[in-house]
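One structure is given here, and the rest of the page talks about it.
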Amino acid sequence: MPMGQWVFKFPAQAVLTVEQILWAQGATQALVDTAAGNPAAVADFRKRSEQQLAVLVDLVRGQRTTLERCALNTLIIIDVHARDVVQGLIDCQAQGQDHFDWTRQLRYYWDDQQGECLVRQTNCEFLFGYEYLGNTTRLVITPLTDRCYMTLTLAVHLNLGGAPAGPAGTGKTETVKDLAKALARQCVVFNCSDQLDYKMMGRFFSGLAQAGAWACFDEFNRIDIEVLSVIAQQVMTIQAAIMGHAERFLFEGNEIRLNPNCGFFITMNPGYAGRTELPDNLKALFRPVSMMIPDYALIAEIMLFSEGFQTAKVLASKMTQLYKLSSEQLSQQDHYDFGMRAVKSVLVMAGTLKRRYTTLTEDIVLIRALRDTNTPKFLSEDVPLFMGIIQDLFPGIEIPSVQHGDLQEAIEEALVKKNMQPVPSFVLKAIQLYETMESHEWQDGLCPRYFKELAEKGKGSDARELLIFDGPVDSLWIESMNTVLDDNKMLCLTNGDRWKMSSQMTMMFEVADLRVASPATVSRCGMIYLEEQHLGWRALVKSWAQKFEEDHPPHEGFLRLLTERLVAPCVQFLRQQCTEFIPSVNFGLISSLLGLFGALIARYQAAKEAAAGAAAALEKKKPKKGSKSKAAAAAEEDEDLLLDDDAKPSDSSPLFRNQHPDDPSYPLSLAIKHFVFALTWSFGASTDDACKEKFMEFLKRLLVPPPAASAASLALSSTKAQPAGSGPSAEDDDMYYRQIMAALQMPEEGSPGDYWVQDKGPIALWEAWQSRVAPFVYNKALPFEETVVPTVDTTTTAYLLDVLLLGGANVLLTGATGVGKTVMVQDYLRLPTTVEKAFSFQINFSAQTSAALTQDILEGRLTRKRHNLLGPPIGKKAVVFVDDANMPAPERYFAQPPIELLRQSIGQTGFYDRKKLTFTYLGDTQFVLACGPPGGGRNQMTPRLTRLFHCLGMPKVSRLSMGTIFAAVVNGFLGAQEPALPAAVQSLGPALVEATVALYAKVGTDLLPTPSKSHYTFNLRDASSLVGGILGAGSAGFKEKLAVVRLWAHEAARVFRDRLVNAEDRGWFDRTATMFIVC
C-alpha cells in the first residue's frame, strides 16, 4: 500500500508505532549488514528514510484536515529525528546492533514470542503501554531531549522517580509527557502549590499505584517542607512494594493492589520565589536531570519543516538570530519573553499563515508571523527597532500591510455604539488581542467555579468564552495556573480535581505590570501592551463632545477649540512643571475635568427647571392681565443693569460679525465660565501646595483673550471659499475662540482659583470665594474636634464636594496631615441638606485592614434590595467615606487587597459574594476617600484606582488662617460660658491664640527630625490638640488669668514637651514657652 494512503487509513497512534517499529527493524538490519561486510548498508537505509520523509512533506503541503495535518506533523518530527540518528551512525562508522550510539536511542521492537511491542533504550526494556492517547503532537527531539530520555528511562528501570530541573521554557514537563507518549503510558500533569497537604497527596499516590499511571508534579518544590517530608515516606512505601514485586501492599492504613508500571516525576524551577529545598530523604528517591536552554535553531527548523517550509533551515537561523538581537538591543521589560515558548508561538502562527496565504513567499510568511506575534507586547519605542532588525535579516523584502476587513469594521462599529472613538492605534490593539487569543472537605473558590462553568459551556459550542482576571499578579498565585496556561490547559485544584480547558476558552489577565511575575508565567502568556498614546485623552473629549453637541447644537466646536487651546497646554504644563499630592494619569485628569463640567451643567439645568416650575406654579395663581407685574418689570430692569456696557457685545463690532450662534438654554457666557471653573478645579486641585499657585498663574495668562482681528482681515477670511465638507477653517476657529474668550469675563484681580461661578441669576458672574464664607457660630454642644470654622479653603472644598457628589462622581481628598480632610468630609455629611439626600457611613482603614473586612462592612451597612443588589434606603444615595485610604499595608508581592476591592466596587459597580460566588452589584453608591501623600506608613495607591476619583488637594493652613480659626473657636468658647467669665480672662483670647500659633511655628522650625529623633514631626493636629486641651478644661480652668496661663503651659508641655528625647531639647522648649508666656 502506498505511504500516502497508509498513513490515513489507520488510527494515527497505531500508524506512528508501526512506523517506529519498521524503522528500528530496518536500522538494526543495516547495522548487522555493516558488521557482516556491507559498509553501504546504513547509507542505503538513510536514502530510503529520506524518500519516505519526502513523501510525508509532499503530503503535508496539500489541503489536509486538522487531524490529518496533526498526524503528518508528528510523523515528520519523528522521521526527521530518525534521519538524524542514522546520519549520526554513519558519521561514527557504527557497526553492529550493540554500538552505543545505537543502543542509546529509544527503539521499538515487535516480539513474536510474547506478542508484545517492546521499547528499549540502553540496557532498559519496557512493555509498550497501549494506552490510547489519540492523535496528538510530539515534541521535537533534540540531543538534550535524548539525554533526558536516557536519564528518565534508567530511573524508571531502577524503580526511581525522575526530577528534571531548570529555568522556565526548557521543556521539563513536556519532555516527561513526551516520554510517556513514547511508552504509551497515561501521564497526569498536576500543578503543585503551597496549599497541598499530605492527605491529598496520599490519595493521589494511591490512585497512581493502582492505575499504573505516571504523574508529573509540576513546580514540586512549591510544596511546604513539612508536607514534603511525609511525601518522601509515601513514595518510599510504593517504591519498596514495586521492588518487592508485591501484588498488594499497605498504604496509608489501607491495603491496595499495585500496578508496577506507575511512575513519579517532579519538575522544579530552582531559585524562583516561593521555592523550597527538597529534604535529602526525598531527593534520594528521584534521579535528577538538569535541563538547559534547548537548541532553538534546530527546533525551529524541524517545526517549520513539518509545516511544509522548503527553506526551513535558513529561516530558522534568521529567526533565532532575530530573537538573540532583540533580547540584547530592545529595552528590558518584565513582560518581554524571547524564550522557547515565544519561539513556538511564532512557529505555530507561521504554519497557520502558510496554509491561509498560499501565494506568499516563505520569507514573508515568517516575517508576518514574527511581526504579528511580537509587536503587540512591545513598547512603542521598541517597535521601530524590532522592525529594523527584521529588515536587516531579510534585506530587500517589503513587508505587506495586513487588511483585517470584517473584524476591524466590527470593532469600530462596537466602539461607535458605545459613544467611543475608533482611534486607529486602539483598534489595532483590539485586533492584536483577538489574534493573540486565536493562537492558555473541599469548596470551590471563585476561579474553579467559573472555570468549570465555562468549560462545560464550551463543549459543542463555537462561541468564545473568556475568563478575565483583573488586578495585580501575585507570583505564588499565578504559578498555580501554570498547567492552565501551557499546552496542558489543565486547571489543577488542591483537592486533586483536574479540569480541562475547552478549545473555546481563553484566560485573560488585565494587569498594570508584571514586575513580580516569574519567567515561567511570562513565557506562558501572549502579551498585548497598551500605552496611553494608543488611545489618548483626546478620544475621551471627542466622545464627550458628541453628546454635549447633541444637547446644545449651537455650541458645536466649543469643546474641540478649548481642548486644543486650553486643555492641551495645561496637560503639558502640569506634567513638566508641577508635582501632585497623588500622581495622576492624563486620562483620569480629563475625566475629572469633564465630570465636573457635566456636574455644573446638570446642577444649572436642575436649578433652572426648578425655578421654571415654581414660576409656572406662581403664574397659575395670578389673575390674567395684559400688563406685566411690577416684579417682572423690576427683574428685567435688574437683568439689563447686570449686563453693563462693557459686557454687552455690539452687533456692529467686527468681532461678532457672522458670530457663532448662542444657545438660549445654556448660554455661551455660562458654558465658558463653567468650563474654566472645571479646568481650574480638576488640574489645579491635583497639584501640591508649592505648585498650585504656579499653575493658577499659568492658567491666568492662558485665559487672556486674544486680540481682536481687524475688520479687513475678517472680511477677507469670510470671502475665502472652503472645500465642501472640510469643516471650519483656521480663521473661523480663531473668530469663534475670540467670541468664547470675550464671554469669559475673568476678573483681573487674583487668580482663577479665587472665584466661583454664580449662575443662579439671569447672568452668570464670577464671584470671590470669600463671598460664600459663612459666619462662624460657636456651638458649645459640639466637641472641639468636630468643630469647623469656615474659611475660603473649607468653603471651596465643601462646594466642590457638593457639586461632584450630586453629579455622581467619586472624590479623593488629599493633603498634608492635619489640614482637616476628615473633619471636612464629616462636617459635609452632617449637613441637613446632605442627610436629606444621602445615606452615609465611614470606614477607617489601617495597615491591617483586609479586603474581607471591608466587604463585610459594605454588605452590613448597605441595604440588600435584591439577591444581587446592594444600595442605600429608597430615595437616597449612599456615600461611603473611607478615611486613611492608603494605609493598608502591601502584601508580599505589593498588592493591596482592600484597595483592589474599592477599585472593583467602582469600576465594575460591585464585587463577588464570597459565599455564594455570585456577583453583587452596588447601586446608587459613591465613595469619598481621604488620605495623605505617600510616606510615613502611607502607601502609594495604584493609578488604576485613583483615576476613578476626582482628586481635591487641601492646602496647608497658613499662619494667618490658623490664627483666624483658633481665634474664632477660643473667643466663641470664652464668650459662651455661663456664668460669664471675668473680663480679664476673656481678654486673654487673642494672647492664647498668638502664643499657640507662635509656639507651633517655632517648634516646627527648630526641632527637626533626625535619625535618632525621627518622631519630631509636627503638624496642625498638634496645635489643634493644644487648643482642644485648653478648652477641654471647661469654665473651671478659666477662673483667673494665672490659672489660664498655667493651663496653657501644661497643655503645651503635654503636646510638645513630652515628645522630646533629651534634657537639652526639653530645656529649649521650657525657655521658648516661657518667652511666649511673658509676651
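The values are calculated or read from the model by the stated rules, or taken from the named source; none is laboratory data. This is a predicted model, so every value here is computed, not measured. For neighbour counting, all protein chains shown are included, and Cβ atoms are generated from backbone atoms with ideal geometry for every residue, glycine included. Side chains are part of the model used for accessible areas, which takes the heavy atoms of the whole protein and leaves out ligands, DNA and RNA. Shrake-Rupley method; radii C 1.70, N 1.55, O 1.52, S 1.80 Å.
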Would you pick out the residues in region 793-824 that are assigned to a helix (DSSP H, G or I), among the β-branched types (Val, Ile, Thr) and farther than 16 Å from Leu1020 by Cβ? Thr795, Thr796, Val803
Just give me the residues in region 727-782 being of a type in the set (Phe, Trp, Tyr), over 28 Å from Ala599 (Cβ atoms) and touching a Lys or Arg at 6+ places or on another chain (Cβ under 8 Å), in sequence order. none
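Counting only residues that are within 23 Å of Ser49 (Cβ to Cβ), open to solvent by less than 10 Å² (accessible area, probe 1.4 Å) and hydroxyl-bearing (Ser, Thr, Tyr), give me the helices (runs of 4 or more DSSP H) lying completely in region 77-189 with at least 1 of them.
Working: elements: 100-103, 143-157, 172-182.
Qualifying helices (runs of 4 or more DSSP H): 143-157.
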Among (1) of a type in the set (S, T, N, Q); (2) over 41 Å from the mean Cα position of the chain (by Cα); (3) crowded, with 17+ Cβ neighbours inside 10 Å, where does Asn254 come up short? (3)
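For every residue, the table says whether it meets (1) within 25 Å of Gly171 (Cα to Cα); (2) within 19 Å of the chain's Cα centre (by Cα); (3) assigned to a helix (DSSP H, G or I).
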site	(1), (2), (3)
Pro448	no, no, yes
Gly460	no, no, no
Pro472	no, yes, no
Val484	yes, no, yes
Asp487	yes, no, no
Leu491	yes, no, no
Met507	yes, yes, no
Matching residues, region 1024-1070, being open to solvent by 40 Å² or more (accessible area, probe 1.4 Å) and β-branched (Val, Ile, Thr): Val1045, Val1061
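Here is a list: Asp754, Asp759, Asp732. Which entry is closer than 29 Å to Glu697 by Cβ, at pLDDT below 90 and among the charged types (D, E, K, R)?
Asp759
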Listing of helices (runs of 4 or more DSSP H) fully contained in region 940-1022 that carry 2 or more residues being open to solvent by less than 40 Å² (accessible area, probe 1.4 Å): 943-946, 959-975, 989-1006
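Do the conditions hold for Gly271, that is, is it modelled with pLDDT under 90 and in contact with a Lys or Arg (Cβ under 6 Å, 6 or more places away or on another chain)?
On the way: modelled with pLDDT under 90: yes; in contact with a Lys or Arg (Cβ under 6 Å, 6 or more places away or on another chain): no.
The answer is no for Gly271.
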Need the failing condition index for Val18 against (1) within 17 Å of Gln97 (Cα to Cα); (2) modelled with pLDDT of 90 or more; (3) of a type outside the set (Ser, Thr, Tyr), just the number. (1)
Write out, first by first residue and then by second, each pair whose Cβ atoms fall under 6 Å of each other, whose residues are 6+ apart or on separate chains, and whose first residue, in region 178-191, is under 17 Å from Asp218 (Cα atoms) while the second is outside any loop (DSSP other than H, G, I, E, B) and open to solvent by 10 Å² or more (accessible area, probe 1.4 Å). Ala180/Cys187; Cys187/Lys177; Phe190/Cys492; Asn191/Cys492
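Would you mention how many residues in region 401-438 are outside any helix (DSSP H, G or I), more than 18 Å from Glu531 (Cα to Cα) and open to solvent by less than 50 Å² (accessible area, probe 1.4 Å)?
If we filter region 401-438 for residues that are outside any helix (DSSP H, G or I), which is where we start, we get 401-404, 418-423.
Then drop every residue that is not more than 18 Å from Glu531 (Cα to Cα), which leaves 401-404, 418-419.
From the residues that got through so far, the ones that are open to solvent by less than 50 Å² (accessible area, probe 1.4 Å) too are 402, 404.
Number of matching residues: 2.
Provide a single number: the residues in region 521-545 that are at pLDDT 90 or above and either open to solvent by 80 Å² or more (accessible area, probe 1.4 Å) or in contact with a strand residue (DSSP E or B) (Cβ under 7 Å, 6 or more places away or on another chain) (or both).
Taking region 521-545 first, the residues at pLDDT 90 or above are 537-545.
In the following step, the residues that additionally are either open to solvent by 80 Å² or more (accessible area, probe 1.4 Å) or in contact with a strand residue (DSSP E or B) (Cβ under 7 Å, 6 or more places away or on another chain) (or both) were identified as 538, 542.
Adding up the residues that qualify gives 2.
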Consider Pro395 carefully, then state whether it is part of a loop (DSSP other than H, G, I, E, B), more than 28 Å from Tyr912 (Cα to Cα) and open to solvent by less than 60 Å² (accessible area, probe 1.4 Å). no
